[in-house]
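Read through the structure below, which is laid out as structure tokens, and then see the notes.
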Amino acid sequence: MHGTGSDKTQGQTIPGATPRLTDPYGRPITYMRVSVTDRCDFRCVYCMAEDMTFLPKADLLSLEELDRVCSAFVRHGTRKLRITGGEPLVRRNIMRLFRGLSRHLHSGALDELTLTTNGSQLAQFAEELYDCGMRRINVSIDTLDPDKFRAVTRIGDLEKVMAGLEAAKRAGLQVKINTVALKEVNEAELTSILAWCGDQGFDMTIIEVMPMGDIGGEDRLDQYLPLTTVRRSLAERWTLTDIDYQSGGPARYVRVEETGQKLGFITPLTHNFCESCNRVRLTCTGTLFMCLGQDDAADLRAPIRASADDALLDEAIRAAIARKPKGHDFVIERGRHAPAVNRHMSVTGG
Ligand code: SAM
Ligand code: SF4
């Protein structure tokens, strides 16, 4: 039974309990990704333009408001929260949010509180994250070559990220490396990144570039590398065995027999994961996106600010989930420079 979501006994609703959220296609909503800031200390070429204009701070949900929305979702049956951004660890006092949300881990209402980070601040925060109940984190690294790393992130320092990874390991955090497959940039390096992950005991997920947000002059097709090609080329060196593993996300997993680690492939341009989609995304301004690949969204900031009681918020959440679409509309077309979805990944956090 699932914590507060256990609202029904033999078909009867217990008075006062919050019904679990299920969308019109029967998919239970159990996973929320929360972007706590649109700001970042990197400017990855596929994610942001060099001269980004960030949101005025006044538009952001406060840490208390973020906690309130997350807690409402937990009450509605969300079992997993992933905190992301922008770079979540650059948001001031972000540990207060983690500390607060850890109460849902202690109560058993939440199975997992986790984080996607670029790793730049991990050396400072790894231990505290573990202390807040976090056990697994995703760290994004697209190349292990310091110069290339600087070029892809436009600012990032690989050495700092490596120090962060060491700190994460020391703290006891399990790490998964996220790598975006970029044609020509890291295409030839993916196999050595996989080997390095094996040495470090890290799982790895390779992500296909998604057409999200204006990235300032770069052409998506120049970056786009289909994962079918990546998998074929990795299979020349590694024995990849399909496995049934589900991380609660859209990745398809294989086991790398030589290292024993898992390798995931995220191919958002195919529809292969929509039918099992269990997630929604909250932006740092309180906008709820029911699908990463669609523009429809619901404002949760207004109902939170309109009343200290959660009745309006609960109603807005239920109305939003009732509109969750069946699938997404991603396409990368030759000659098309406009993104398929206008917001940047740093808004919804991927
Ligand atoms: N800053 C953190 C990080 O980089 O891990 C968290 C936010 S970032 C938006 C989350 C993930 O989205 C990262 O792994 C990043 O590589 C990926 N990402 C960003 N833009 C993308 C795009 N257009 N296509 C595919 N993945 C993207
Ligand atoms: Fe920042 Fe992450 Fe986007 Fe890179 S991918 S610019 S680290 S938010």
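The values are calculated or read from the model by the stated rules, or taken from the named source; none is laboratory data. Every value quoted in this text rests on a predicted model; they were computed, and no experiment measured them. Cβ coordinates were reconstructed from backbone atoms using ideal geometry, including for glycine residues, and neighbour counts include every protein chain displayed.
Values as computed for the structure displayed
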item	result
Positions within segment 36-79 being away from ligand 1 (no atom under 16 Å from the Cβ), modelled with pLDDT of 95 or more and among the basic types (Lys, Arg), in sequence order	ARG68, ARG75, ARG79
Residue within segment 82-93 that is modelled with pLDDT of 95 or more, within 16 Å of ligand 2 (Cβ to nearest atom), out of contact with any Lys or Arg (no Cβ under 7 Å at 6 or more places or on another chain) and basic (Lys, Arg) present	yes
Among (1) hydroxyl-bearing (Ser, Thr, Tyr); (2) assigned to a loop (DSSP other than H, G, I, E, B); (3) modelled with pLDDT under 95 - the single one THR285 does not satisfy	(3)
Considering residues of segment 92-120 that are within 16 Å of ligand 1 (Cβ to nearest atom) and in contact (Cβ under 8 Å) with a residue 60 or more places away in the chain only, the residue farthest from ARG281 (Cα to Cα)	SER120
Exclusive hit being within 13 Å of ligand 2 (Cβ to nearest atom), touching a Gly at 6+ places or on another chain (Cβ under 7 Å), touching a residue at least 24 places away in the same chain (Cβ under 8 Å) and β-branched (Val, Ile, Thr), set VAL152, VAL139	VAL139
Selection status of ALA151, under 16 Å from ARG43 (Cα atoms) and out of contact with any Asp or Glu (no Cβ under 7 Å at 6 or more places or on another chain)	yes
Failed condition for THR229, given (1) out of contact with any helix residue (DSSP H, G or I) (no Cβ under 8 Å at 6 or more places or on another chain); (2) assigned to a helix (DSSP H, G or I); (3) surrounded by fewer than 17 Cβ atoms within 10 Å (Cβ to Cβ); (4) modelled with pLDDT of 95 or more	(4)
